[in-house]
Structures are given as C-alpha cells and as structure tokens.
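Take a look at the structure below.
The values are calculated or read from the model by the stated rules, or taken from the named source; none is laboratory data. Computed from a prediction, not measured in an experiment: that's the story for all the values here. Note: ideal-geometry Cβ built from the backbone for every residue, glycine included; neighbour counts use all protein chains shown.
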Amino acid sequence: MIYLLTGTVGSGKTTFLERSLPSLRERHPNLDGYLSLRVLAGGETAGYDLRDLRTAARTPLLRRHGDADGPRVGPYVLLPRGLAAAGEIIRRGGPADLLIVDEVGPLELAGGGVWPALIGELSGRNRPALVVVRESLIDDVRAAFAGRELKVIRAEAAVVTVSNGDLGGRS
C-alpha cells in the first residue's frame, strides 16, 4: 500500500508528519524514511534539510543559493549531498514496516531526484510507504504508481486518519 499525503503548498503536511511520529512509531516500530524540514534565515525560507527518521541526522537538501550545477527545483538548488542522503535512506532497506518520503515533486515525476531510488525500492517488494505530494501533482503521482494500491490522505483530515489507525501496521 502506498499512502499519498497531500495538501496545498504550506498546508502543514510535513508539520503533521513530524507531530505524528510518536503515533506512527507505535503502529510501525521500524519506521524509516525522512522529512524535509524548512530552514529559515531572516524570516524567509532559505531551503530544506532532510531529517533521517532512523538516526535524526540532518543533511542540507535544497537551498536558494547553492551549487550552480545542481538541478533547480523551483527557486531552489538541489544539493548533491542531500540527494545522495535521501537515496541512501530509501535504499537502505532493513526491517522498515513503513517508509516515509517527504516529498515527491516535479523533479521526481520527470524521473530525477529521488525517483530512481524510490521506484526501485517500491517495485522490488510490496513495502508500505507514505509519500508526501502537493495536491496539484496528485493525479501525476497516481499515474506514476499505476498498478500499486494507493490511498490518498488529505493533510486536513490526516489527524483523524492516523488516530483511527488507517495507516495500517499492528492492530
């Protein structure tokens, strides 16, 4: 099963996940993956860091200013070290019973970013995943995961969904 957590830009998808980690870990003791946490500088979004859900390590992922050779993602530059870390987290496998990937965007839908690692990991076995995707891309992400069982969860309703145990795991 692939859960698609969706909402508009800035609707609180990552904040919801961060606050839900204790509850998710109860249902999925071997939770793995990463969150993309906003980095502020002077009250402005300067970029995003990956937070590894297994180790809590943070790695710079996107910056408004960075290596000019890195791929552009909207107003940001994707940092090679952050992309490598995201791919390693996705591929490290192990006993994870839920993989969280925050988030899949236009770069992934074009076959770049973390897409090769993600599709490789999810194609190889029936591993459950929770993938964050902005609302405007939901139809494209559904098409990209054609053939897999999907459940779309709106960020606004997500608190109810998790508290009711709709993210599977141990009952």
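Would you check which residues across the range 1-54 are among the aromatic types (Phe, Trp, Tyr) and closer than 19 Å to Arg92 by Cα and list them? Spell out the reasoning first.
Initially, the range 1-54 is screened for residues among the aromatic types (Phe, Trp, Tyr), giving 3, 16, 34, 48.
Correct list: Tyr34 only.
Selection of the range 41-83 for residues being touching a residue at least 40 places away in the same chain (Cβ under 8 Å), within 19 Å of Arg134 (Cβ to Cβ) and of a type in the set (A, V, I, L, M) yields only Val73.
Each residue in the range 19-50 was checked for being in contact with a Phe, Trp or Tyr (Cβ under 9 Å, 6 or more places away or on another chain) and either outside any strand (DSSP E or B) or crowded, with 20+ Cβ neighbours inside 10 Å (or both), and 4 of them qualify.
Residue count for the range 99-113 satisfying the condition of being closer than 16 Å to Glu88 by Cα and in contact with a Gly (Cβ under 6 Å, 6 or more places away or on another chain): 3.
Annotation: Ala129 fulfils all but one of (1) surrounded by fewer than 16 Cβ atoms within 10 Å (Cβ to Cβ); (2) under 26 Å from Arg25 (Cβ atoms); the unmet one is (1). Apart from one condition, Val9 fits all of (1) assigned to a loop (DSSP other than H, G, I, E, B); (2) over 15 Å from Asp102 (Cβ atoms); the exception is (2). Might you check whether a residue that is modelled with pLDDT under 90, surrounded by 17 or more Cβ atoms within 10 Å (Cβ to Cβ), in contact with a strand residue (DSSP E or B) (Cβ under 7 Å, 6 or more places away or on another chain) and more than 28 Å from Met1 (Cβ to Cβ) occurs anywhere in the range 70-78? Looking for residues that are modelled with pLDDT under 90, surrounded by 17 or more Cβ atoms within 10 Å (Cβ to Cβ), in contact with a strand residue (DSSP E or B) (Cβ under 7 Å, 6 or more places away or on another chain) and more than 28 Å from Met1 (Cβ to Cβ), one finds at least one in the range 70-78, hence yes.
If we keep just the residues of the range 139-166 that are within 10 Å of Gly7 (Cβ to Cβ) and not in a strand (DSSP E or B), which is modelled with the lowest pLDDT? I'd like the intermediate steps shown before the answer.
From the range 139-166, those within 10 Å of Gly7 (Cβ to Cβ) are 153-158; that's our starting set.
Filter again for not in a strand (DSSP E or B), leaving 155-158.
On the way: Ala155: 83, Glu156: 72, Ala157: 63, Ala158: 56.
Out of the qualifying residues, it is Ala158.
Scanning the range 115-133 for residues that are of a type outside the set (S, T, N, Q) and over 17 Å from Ala86 (Cβ atoms) yields Gly124, Arg125, Pro128. Per the conditions (1) surrounded by 17 or more Cβ atoms within 10 Å (Cβ to Cβ); (2) assigned to a loop (DSSP other than H, G, I, E, B); (3) polar (S, T, N, Q), the sole criterion not satisfied by Thr55 is (1).
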